[in-house]
Amino acid sequence: MTAPTTPRVPQEERTRAMRARLLEATVELLVENGFSGTTTTLVSERAGVSRGAQLHHFPTKNDLVVAAVTHLTERRHEELQAAAARLPTGPQRTRAVIQMLGDHFAGPVFTAALELWVAARTDAALLEAVAPLERVVGRETHAMTVRLLGADESQPGVRELVQATLDLVRGLGLAGTLGDDTPRRRRILDRWAETLDTTLHGGNRK
């Protein structure tokens, strides 16, 4: 009897999977070790990829991190879209939207992005990669928040209110990197959701 053969995975697919492992490992290490503690050696070890293969695709740390910026941007978009799809309707909608945003900006994907922001402040090559993508993320997140809140930006002050919401959750996410302040964050977000409901919907969210 002839032994069954294992289907061969096309080279292109293997390469794509390897690159994905390297980028995921980079994001994980950014969260755990920060930018300065993320090295190409640690990334290859975490990803289970040989140093030679890693250097073939990403010869320098900056090459790897710049690719991770794009990967991280896609992760942030996918994470927010998935969370938005689970939001309830009805009177608790506004609170759920604010909680979703608060959770996202307190999570590991935002922490990794924050490490890149700080490093980009003094690294021109990294800044060139990070800044345009952050502008895209900012526009997309703002538009999504407007849609989820049912906000009418044609009304005076509403656009600024939405932006203040995003600035608030980012700031709380930043504060959370120094220690777990979940109870305080929830109290602030509860009160802000009440303010939004009153301002945007007269407190009568359907």
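The values are calculated or read from the model by the stated rules, or taken from the named source; none is laboratory data. What you are looking at is a predicted structure, and each value in this text was computed from that prediction instead of being measured. Note that we place each Cβ from the backbone using ideal geometry, even for glycine, and neighbour counts take in every protein chain shown. For accessibility, only protein heavy atoms count, side chains too; no ligands or nucleic acids. Shrake-Rupley method; radii C 1.70, N 1.55, O 1.52, S 1.80 Å.
Regarding region 150-159, can at least one residue be identified that is closer than 30 Å to ALA120 by Cβ and either surrounded by 13 or more Cβ atoms within 10 Å (Cβ to Cβ) or within 24 Å of the chain's Cα centre (by Cα) (or both)? The answer is yes; a qualifying residue exists.
What's the total number of residues in region 99-135 that are hydrophobic (A, V, I, L, M, F, W, C) and over 21 Å from LEU64 (Cβ atoms)? Spell out the reasoning first.
Looking only at region 99-135, we keep the residues that are hydrophobic (A, V, I, L, M, F, W, C), and these are 100-101, 105-106, 109-110, 112-114, 116-120, 124-127, 129-131, 133.
Going one step further and asking which of them are over 21 Å from LEU64 (Cβ atoms), we end up with 100-101, 105-106.
Of the residues in region 99-135, 4 are hydrophobic (A, V, I, L, M, F, W, C) and over 21 Å from LEU64 (Cβ atoms).
Contact map, region 145-162: residues that are over 12 Å from ARG93 (Cβ atoms) paired with residues that are open to solvent by 90 Å² or more (accessible area, probe 1.4 Å), Cβ distance under 7 Å, separation 6+ or inter-chain. Pairs shown: GLU153/ARG159. Would you confirm whether any residue within region 165-173 is touching a residue at least 40 places away in the same chain (Cβ under 8 Å), in contact with a His (Cβ under 7 Å, 6 or more places away or on another chain) and not basic (Lys, Arg)? Yes, because at least one residue in region 165-173 is touching a residue at least 40 places away in the same chain (Cβ under 8 Å), in contact with a His (Cβ under 7 Å, 6 or more places away or on another chain) and not basic (Lys, Arg). For region 122-131, enumerate the residues that are surrounded by 13 or more Cβ atoms within 10 Å (Cβ to Cβ) and either under 23 Å from ALA193 (Cβ atoms) or of a type in the set (D, E, K, R) (or both). Of everything in region 122-131, just one residue is surrounded by 13 or more Cβ atoms within 10 Å (Cβ to Cβ) and either under 23 Å from ALA193 (Cβ atoms) or of a type in the set (D, E, K, R) (or both), namely ASP123. For the condition touching a Ser or Thr at 6+ places or on another chain (Cβ under 9 Å), free of Cβ contacts under 8 Å to residues at least 40 places away in the same chain and either under 22 Å from GLU134 (Cβ atoms) or open to solvent by less than 10 Å² (accessible area, probe 1.4 Å) (or both), LEU29 qualifies. For region 175-200, the set of residues classified as closer than 14 Å to PRO91 by Cα and open to solvent by 50 Å² or more (accessible area, probe 1.4 Å) consists of ASP190, GLU194, THR195, THR198, listed by residue number.
For every residue, the table says whether it meets (1) under 19 Å from the mean Cα position of the chain (by Cα); (2) under 30 Å from SER36 (Cβ atoms); (3) crowded, with 19+ Cβ neighbours inside 10 Å.
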{"position": "GLU115", "(1), (2), (3)": "yes, yes, yes"}
{"position": "ALA120", "(1), (2), (3)": "yes, yes, yes"}
{"position": "LEU133", "(1), (2), (3)": "yes, yes, no"}
{"position": "ALA143", "(1), (2), (3)": "yes, no, no"}
{"position": "GLY173", "(1), (2), (3)": "yes, yes, yes"}
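Could you tell me how many of the residues in region 126-151 are assigned to a loop (DSSP other than H, G, I, E, B) and touching a helix residue (DSSP H, G or I) at 6+ places or on another chain (Cβ under 6 Å)? Residues flagged as assigned to a loop (DSSP other than H, G, I, E, B) and touching a helix residue (DSSP H, G or I) at 6+ places or on another chain (Cβ under 6 Å) within region 126-151 amount to 1. Filter region 72-98 for residues that are touching a residue at least 12 places away in the same chain (Cβ under 8 Å), open to solvent by less than 30 Å² (accessible area, probe 1.4 Å) and either outside any loop (DSSP other than H, G, I, E, B) or on the phi < 0 side of the Ramachandran plot (or both) and give the result. Of everything in region 72-98, those that are touching a residue at least 12 places away in the same chain (Cβ under 8 Å), open to solvent by less than 30 Å² (accessible area, probe 1.4 Å) and either outside any loop (DSSP other than H, G, I, E, B) or on the phi < 0 side of the Ramachandran plot (or both) turn out to be LEU72, THR73, ARG76, LEU80, ALA83, ALA84, LEU87, THR94, VAL97, ILE98. Output yes when any residue across region 188-204 is closer than 25 Å to VAL65 by Cα and either in contact with a helix residue (DSSP H, G or I) (Cβ under 6 Å, 6 or more places away or on another chain) or among the β-branched types (Val, Ile, Thr) (or both), and no when none is. No: zero hits.
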